[in-house]
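Here's the structure we're looking at; comments come further down.
The values are calculated or read from the model by the stated rules, or taken from the named source; none is laboratory data. On a predicted model such as this, the values are computed, not experimentally measured, just so you know. Quick reminder, even Gly has a Cβ in these numbers, built from the backbone with ideal geometry, and neighbours come from all protein chains shown. What goes into the accessible areas is simple: the full protein's heavy atoms, side chains included, and nothing from ligands, DNA or RNA. Shrake-Rupley method; radii C 1.70, N 1.55, O 1.52, S 1.80 Å.
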Amino acid sequence: MTATNQAGATPNAKGLFKRISDAMGPENLSLVIALIVMVALINTQTEYFFSARNLFNIAQNMAVVGLIAVGMTMVIVSAGLDISVGSIAGCASVTTALVVVASGSVLGGIGASLCVGLLLGLVNASIVSFLRVNPVVATLATFSAFRGVAFLIAPGGRPVGVLDPGFATLGSGRIFEFGSFPGIPVAFAILVVVAVGAHFVMSATVFGRSIYSMGGNPVAARLAGINLTKMRLMIYALSGALAGLAGAIVTARTSSGQPASGTQGLELEAITAVFLGGALLAGGKGTIPGSMLAVLLLATLSNGMNLLGIPTFYQLVAKGLLLVLAVAIGQWRMARAERIQAEITAADAS
């Protein structure tokens, strides 16, 4: 009887593991395992990791990169790329500060950041769609151009100070604070709302299915009646608007509009997160939950290194290696899938 029970337990356990793996996706499951291992290692080296204040900091630091990663997921799934998002955030950061200082309106400043981001996103999409420039080359050019614009609109090329307490709430405010619980960062709450909304759009709407279609097979998508130019304009505009919102949060957190400081390197982190989350360089694959798990992984890595006193340049090396690893794994998965499909086709033909 005991042997029978033990023998029966193994298939059940395997079945449970398979159901969990299928529900989360193999990429997401591997991220969860990597995150658990990383947290365990960091926790053995410092007693402060699980403190309420440190967890609050991790959530707060996720917001800016997370918002950009949401838009970047849509861009990459559609077989595009946007290297200029950090520069867009810089332009939006300065614009937000100028509007808040001039008008005293917090909502006006946030609206300005969204408009600037949307407009610059449309510029990227127009270069790609109408001038037929490769997305990498196009956004590499606008990465430099938009950075220059940020310095041009900042008086004297210097940061623009913002001392509005209401606006500061966007970057450092918190909700549900009580007792010893530090609360939830307002910026993180915004990220959660945006990510949930984007996940719904990507998984349950015609627009989301069209994004996957144009990334997976643009010719078939065009034949199915999808207007690729219109879709590309909308996708890059959404990505730009989210980068603009991220720039507004940077402004609120630092109490100044920053042409560069605070927004440099955001594009690398966002792209790394999206590829770590399971997206492919060729497009057609990727999810918002996967990207958010990867953002959490990167935020935990940076936080753990800071707690352990590891210099910043080591963090840059680690993130660069993660990006290479994520793209290499994605390319391997795609080649493996093509090989399996070719074998199935050959078997059917024979």
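Key figures for this structure:
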item	result
Average accessible surface area per residue within the stretch 196-350, 1.4 Å rolling probe, Å²	46 Å²
Additional length obtainable on full extension of the chain from THR46 to ALA102, 0.36 nm per residue less Cα span	15.6 nm
Packing rank of 138-145, 231-238, where each peptide gets the mean count of other beta carbons within 10 Å, highest leading	231-238, 138-145
Cα-Cα P(r), the stretch 118-241, percent of pairs per 10 Å interval	11, 26, 29, 22, 11, 1
Dipole magnitude of the chain, debye to nearest 20 (Cβ charges: Lys/Arg +1, Asp/Glu -1, about Cα centre)	360 debye
For ARG174, distant residues with modelled amide H under 5 Å away	VAL186
The chain: DSSP helices with Cα axial extent of at least 18 Å and average Kyte-Doolittle hydropathy no lower than 0.0	26-45, 52-77, 85-103, 106-130, 135-153, 186-204, 228-254, 288-307, 312-349
Gyration tensor verdict on the stretch 178-311 (Cα atoms; rounded if a/c is under 1.5, prolate if a/b is larger than b/c, oblate otherwise)	prolate
Cα gyration tensor shape for the stretch 99-156, rounded if a/c is under 1.5, else prolate or oblate	oblate
Orientation-averaged projected area, Cα convex hull of the chain (nm²)	23.7 nm²
Whole-percent carbon and sulfur share, accessible surface of the chain, 1.4 Å	69 percent
Relative contact order, percent, the stretch 266-350 [alpha-carbon distance under 8 Å, six or more residues apart]	33 percent
Percent RCO, i.e. relative contact order, over the chain, from Cα pairs under 8 Å lying at least 6 residues apart	30 percent
Length-normalised contact order for the stretch 110-199 - Cα pairs under 8 Å, 6+ apart - percent	12 percent
Selection from LEU114, GLN60, PHE167, by position along the positive dipole direction of the chain (Cβ)	LEU114
Of ALA198, GLY215, ALA237, farthest towards positive along the dipole that unit charges on Lys, Arg, Asp, Glu beta carbons give the stretch 185-292	GLY215
